[in-house]
Amino acid sequence: MPDLLFHVFSDERFMDLTLYQFGYEKCRPLHSYGPFIRNNYLFHYVISGHGTLLTDDTHNHSKEYKIGPGSGFLIEPGRINSYYADREDPWEYTWIEFGGLRAKEILESSGLSSEEPVFCPISADDGERIKNELLYLSTHGQESSLHLIGHLYLILDAVQRGSSRKRTVQGGSLSKFYTKEAVTFIEQNYAFPITVEDMAGRCKLDRSYFGKIFRETMGQSPQEFLIRYRMSKAAELLKITDLSIGEISIRVGYPNQLHFSRAFKKVFCESPRAYRQNNKILKENR
């Protein structure tokens, strides 16, 4: 295997979980990255060797972690971090950068966060399973988007089931139940003029309390989730259909095309028209 494998995943159709980059590297002594602030989640699994992670916790306190083979580490978005290989025994690792609407929930259930970024498998077999899935992904970067996303799910399932810090379902399960109810409601009704009050009503909860548990579970407000979900659906329609922007606006719950265009540009940093020009999938290539 070469000392470095690097792949970029650019298919934006996946919302629950999606890849951004992934790869493998056998590092040189003291080889380092950072300090950086990431926009997405980054998970490394160390195959051999040693290294150091420096990262900020939720109180902006910098912490240092020594990490060796058979373990891993998580970097959360928005945290200043850096990491470097050992001078005498530099690490070899495989990694994924990922995100999505349900990434935070999965990682929390695995017991991984800025407060506890180090992954320790329950057993050697659990660690081996994660390593093999990550290496498979790193060496099959030319497979189809569905194939790669499928293996992302397998990797995160292995991390969740194999984490020595995984959280058992306790009192928080009720909050997750209500949040899933709200997400299902959004998936079924995003084309209609639904509100946060409608979501809270579906769960039979007070609006303020509903907003609090939704944010705690998903890492964003119900309104932010709804907007991003609608814009992701709009992006898909812009890429694969010839519908007018006005028609797409209505289909994702925006009767006012101007309001839709503003919301779309805020999420994707370009207008719907420019997005279509840059990302349109031609029929003959489908």
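Limited to segment 23-61, what total is found for residues that are hydrophobic (A, V, I, L, M, F, W, C), out of contact with any Ser or Thr (no Cβ under 7 Å at 6 or more places or on another chain) and closer than 14 Å to residue 117 by Cα? Residues in segment 23-61 being hydrophobic (A, V, I, L, M, F, W, C), out of contact with any Ser or Thr (no Cβ under 7 Å at 6 or more places or on another chain) and closer than 14 Å to residue 117 by Cα: 3 in total. Scanning segment 232-262 for residues that are touching a residue at least 24 places away in the same chain (Cβ under 8 Å) and not aliphatic (A, V, I, L, M) yields 232, 233, 236, 239, 251, 253, 254, 255, 260. With respect to the conditions (1) assigned to a strand (DSSP E or B); (2) within 27 Å of residue 142 (Cα to Cα), residue 14 falls short on a single one, namely (1). All conditions but one from (1) at pLDDT 90 or above; (2) within 21 Å of the chain's Cα centre (by Cα) apply to residue 176; the one that does not is (1).
Selection of segment 110-135 for residues being closer than 23 Å to residue 10 by Cβ and either among the small types (Gly, Ala, Ser) or open to solvent by 10 Å² or more (accessible area, probe 1.4 Å) (or both) yields 133, 135.
Quick grid of which residues meet (1) without any contact (Cβ under 8 Å) to a residue 40 or more places away in the chain; (2) within 19 Å of the chain's Cα centre (by Cα):
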{"residue": "9", "(1), (2)": "no, yes"}
{"residue": "22", "(1), (2)": "no, yes"}
{"residue": "28", "(1), (2)": "no, no"}
{"residue": "48", "(1), (2)": "no, no"}
{"residue": "66", "(1), (2)": "yes, no"}
{"residue": "70", "(1), (2)": "no, no"}
{"residue": "91", "(1), (2)": "no, no"}
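Looking at 74, 107, just one residue is closer than 16 Å to residue 134 by Cβ and outside any strand (DSSP E or B), and that residue is 107. Can you tell me which residue is farthest from residue 77 (Cα to Cα) among those in segment 22-50 that are open to solvent by less than 60 Å² (accessible area, probe 1.4 Å) and assigned to a loop (DSSP other than H, G, I, E, B)? Top of the filtered list is 49.
For segment 263-284, the criterion of being in a helix (DSSP H, G or I), under 20 Å from residue 198 (Cβ atoms), without any contact (Cβ under 8 Å) to a residue 24 or more places away in the chain and open to solvent by 50 Å² or more (accessible area, probe 1.4 Å) is met by none of the residues.
Within segment 59-109, which residues are of a type in the set (Phe, Trp, Tyr), buried (at least 18 other Cβ atoms within 10 Å of the Cβ) and touching a Leu at 6+ places or on another chain (Cβ under 8 Å)?
Scanning segment 59-109 gives 73, 83, 84, 95, 98.
Only one of the listed residues (19, 53) is surrounded by 16 or more Cβ atoms within 10 Å (Cβ to Cβ), under 30 Å from residue 240 (Cα atoms) and not acidic (Asp, Glu). That residue is 19.
The values are calculated or read from the model by the stated rules, or taken from the named source; none is laboratory data. What you are looking at is a predicted structure, and each value in this text was computed from that prediction instead of being measured. Here the Cβ is made from the backbone with ideal geometry for all residues, glycine too, and neighbour counts use every protein chain on show. With ligands, DNA and RNA removed, areas are computed over all heavy atoms of the protein, side chains included. Shrake-Rupley method; radii C 1.70, N 1.55, O 1.52, S 1.80 Å.
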